[in-house]
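Every read-out reported here was derived from the displayed coordinates using simple, explicitly stated rules and does not represent laboratory data. The shown structure was predicted, so the numbers you read here are calculated from the model rather than taken from an experiment. With ideal geometry, Cβ positions are generated from the backbone for all residues, glycine too; neighbour counts draw on all protein chains shown.
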Amino acid sequence: MTKKFLLLLALVVFSCSAAFADRFVNLTPAPANITVGDGDFKIPNGMKISTKGLTTEMQAEVTQFVKDFNAATALNVKVAKKGQMEISRDSKVAEEGYNLEVTPRGIKLAAATPAGLFYGLQTIKKVLPANVMAGKPGAKGTEYVLPEMVVMDEPAYGYRGFMLDVSRHFFTADEIKRMLDVMSYYKLNRFHWHLTDDQGWRLPIENYPKLTTVGATAPDIRITDMHAKKQYMAGKPYGPYSYTKEELKDIVDYAAKRHIEVIPEVDMPGHFVAALVAYPEFSCAPWADRQVWTRAGVSKDVLNVADPKAVEFAGTIIDELAEIFPYPYIHIGGDECPTDAWETSADCRALMEKEGLDNPRLLQSRFIKQMADRAATHGKKLYMWNEVLTSQGADSVMLKDIDASIFAWWPADESVRKATANNLPVVYTPFGPYYINRRQAPDSAPGAGKGEDDVKRTYEVVPFATAVPGSEANHMGIQGTFWTEHVSDPEYMEHLALPRLIAIAEAGWTPQSKKNFADFQKRITADAELLDLGDYKYTKLYMLPPVGTSTGPDVPGIE
Ligand code: ACM
């Protein structure tokens, strides 16, 4: 009998007993398949872990697990020839999937890849007392007990992302690491880092040092005080704030250990004011008075895409970016780029005439092709927001030629349809419920939105619900997107992001047919302990009251 057959048999045997069905297992995202028995396996002091057929990288996952597990539990588990925990390589398991079987006799875990093994080990950590996942020593006497269960798991989507805007307000490397940690608890695997915008440039570029001095300093800054529920201007300069190359590489490594790829975004040719303040010669109006933006919105001050020197400036940024970030994609934004400046620029009009471009949006398409060619010299392809495809007059054929991928934000569903009609891969991050910087209730602290996008609404989004049937191969996945015009500190960022990011993580991993908000509510309620151990801020809305109290779900207060 094959191992898979035995696991399936175990699933069927367990499933036959309705008595097992209600046992609470605190595992988020909910697995694709789980059956729970009524037995337990208590992890003993000195438990031995055997490994079979693992690659060097998989063996390294086990070593890391042993180190982290022992630090949290002091149980002194160790790798040995034979053990109560058996980890093996099974090439038939899906890319990021794993099979886990817990019986009163021990644990069996199989995966095909380091990522799959990592997720299997994360599942074990997640189901155990919260201190294990939090990486904190447990209280004296804590028992580490797993329920009897068979889990055959793999993610619904390959792209499960979180985007953070560090331009509008800057977040330090340590603040980002906290978010990478929480992403890894919930099996998210892409950190989309929005590094530049009108309000600040945070990416060091050796050839253009003024980007991280002039371009990284705003004359003033809006502060949101989430406790006093007030916003005000600081009345003093903000910055210069940027990362060093070492910090960027350290974040890439930190994320990689958690199976998270970092996707840098440099938004161009619009949302580019900070760069143009540093280097006005690359704008359509070098003589104009300009300053790093202090407010939200869309600027008409964009890169002069008809000037070869300005295009070379952008190309050099791509070169340096490609050196730091190892993954095969970079994001060049492309959203909200008005064409007004191009329409009045003699350079741009002459270029349109020369190249026979019959609408100014084609200047952006032409620029994208130039950046795609530049990225290709580094073996990389481009991610972009949906406007590069959905703006009137954009060149969709070019996007297919360069193998672009589209981030559908607004109008998200229409953008998905248009992307897939053009056979372009697409990430779903709808404005509103997946824009998790928005207020979650009408009486939240000031910020973006009206407060309708609470965790229930976010949870109940059905990704790609209105996509054309048969377009599934192009559905890359989902992303929680966080803009920071109204969010000036990490406490408020976490408070707004959590637990909505967890709801999105479940959409990314769990099959739609297995999602259930009432069940999710119980699990996020239980996860308050995990978030508290990490001193995370989060919104308690929809978390259930403690057993024995009669109050309803918490009002959206600030914690
Ligand atoms: C966006 O929200 N402008 C992508």
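Descriptive notes on the structure:
- Region 448-477 residues near the modelled residue 431 label - backbone nitrogen below 17 Å, point 7 Å along Cα→Cβ: 448-453
- Using R0 = 30 Å, the C-beta based FRET efficiency linking residue 50 and residue 23 works out to 0.60.
- With R₀ set to 35 Å, the beta-carbon distance separating residue 526 from residue 94 gives a calculated FRET efficiency near 0.80.
- Nearest-20 debye value, the chain charge dipole, Cβ charges on Lys, Arg, Asp, Glu: 1860 debye
- Here residue 376 and residue 397 are evaluated by their C-beta separation; at R0 = 22 Å the FRET efficiency comes out at 0.80.
- Summarising the label geometry, the points placed 7 Å from Cα in the beta-carbon direction at residue 210 and residue 281 lie 0.8 nm from one another.
- Fully extending the segment from residue 353 to residue 324 would add 6.6 nm, taking 0.36 nm per residue of separation and subtracting the current Cα-Cα distance.
- Range of Cα positions in region 446-493 per principal axis (Å), largest first: 42, 19, 14
- Kirkwood's formula applied to the C-alpha pairs of region 310-394 gives a hydrodynamic radius of 13.7 angstrom.
- Region 403-559: Rg to Rh, with Rh as the Kirkwood radius over Cα pairs: 1.00
- Percent antiparallel among DSSP beta bridges (both partners in the chain, rounded to 5): 35 percent
- Each listed q (0.08 Å⁻¹) maps to a log10 I(q)/I(0) for the chain from the Debye sum over equal C-alpha point scatterers, namely -0.56.
- Stretching residue 143 away from residue 422 to a fully extended chain increases their span by 95.0 nm, per 0.36 nm per residue minus the current alpha-carbon distance.
- When you restrict to C-alpha pairs under 8 Å that are six or more residues apart and normalise by the size of region 415-541, the relative contact order lands at 27 percent.
- In range of the label at residue 316: residues from region 190-207 whose backbone nitrogen is under 16 Å from the point 7 Å along Cα→Cβ: 203-207
- Spin-label model distance (nm) - residue 518 vs residue 227, 7 Å beyond Cα toward Cβ: 3.9 nm
- Our estimate of slack between residue 309 and residue 296, defined as 0.36 nm per intervening residue step minus the Cα-Cα distance, is 1.8 nm.
- Tilt relative to the chain, helix 412-421 - C-alpha long axis, 0 to 90 degrees, to 10: 90 degrees
- DSSP assigns beta bridges within region 18-121; of those with both partners inside it, close to 30 percent run antiparallel.
- Label-to-label distance for residue 535 and residue 174 is 0.9 nm, based on points extended 7 Å past Cα in the beta-carbon direction.
- Beta bridges by DSSP in region 66-213, antiparallel share as percent, to the nearest 5: 55 percent
- Normalised by the number of residues in the chain, the average gap of Cα pairs under 8 Å and 6 or more apart makes the relative contact order 13 percent.
- Karplus-based coupling profile of region 434-444, in residue order and whole Hz: 9, 8, 8, 8, 6, 5, 9, 7, x, 9, 5, with θ = phi - 60° in 6.51 cos²θ - 1.76 cosθ + 1.60 and x standing for Gly or Pro.
- Region 56-141: relative contact order as a whole-number percent, Cα under 8 Å and 6+ apart: 29 percent
- Centroid-to-centroid separation of region 304-381 and region 72-135 [C-alpha atoms, Å]: 46 Å
- Alpha-carbon Rg/Rh ratio, for region 134-246, with Rh computed the Kirkwood way: 1.13
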